[in-house]
1. Exactly one condition in (1) surrounded by fewer than 16 Cβ atoms within 10 Å (Cβ to Cβ); (2) farther than 14 Å from residue 35 by Cβ is false for residue 100; which is it?
2. Taking the stated definitions as given, is residue 79 closer than 11 Å to residue 33 by Cβ and modelled with pLDDT of 90 or more?
3. For region 1-64, please list each of the strands (runs of 3 or more DSSP E) lying entirely inside it that holds at least 3 residues being at pLDDT 85 or above and either surrounded by 12 or more Cβ atoms within 10 Å (Cβ to Cβ) or within 25 Å of the chain's Cα centre (by Cα) (or both).
4. Would you tally the residues in region 80-108 being part of a strand (DSSP E or B), closer than 19 Å to residue 45 by Cβ and either under 12 Å from the mean Cα position of the chain (by Cα) or without any contact (Cβ under 8 Å) to a residue 60 or more places away in the chain (or both)?
């Protein structure tokens, strides 16, 4: 008799766990990132604000290229600095949620979310 009462309660607990979990469909998920690039080595001087929202990859050229910091970010996004002005050449990769001023000279920046 006790086992009979225990099984429905266990089943209700499983039902509660499965009905309260919500997920966002892949098609509606959105990542975003906004960085500031600077002409000075310590995030000072002239600046630009490349940003991307949604998924995809973008190359940003003709930016001040001595340092950058992340204004808003999603950890799923990645930042790559490039030696060339068209997202080619040597590169350095950073997580999208990197913190602080990153002093690294670059010719262009790509953002991939």
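1. (2)
2. It is true that residue 79 is closer than 11 Å to residue 33 by Cβ and modelled with pLDDT of 90 or more.
3. 32-38, 57-61
4. Of the residues in region 80-108, 3 are part of a strand (DSSP E or B), closer than 19 Å to residue 45 by Cβ and either under 12 Å from the mean Cα position of the chain (by Cα) or without any contact (Cβ under 8 Å) to a residue 60 or more places away in the chain (or both).
The values are calculated or read from the model by the stated rules, or taken from the named source; none is laboratory data. Source: prediction; values computed, not measured. Neighbour counts run over all protein chains shown; Cβ positions are idealised from the backbone, glycine included.
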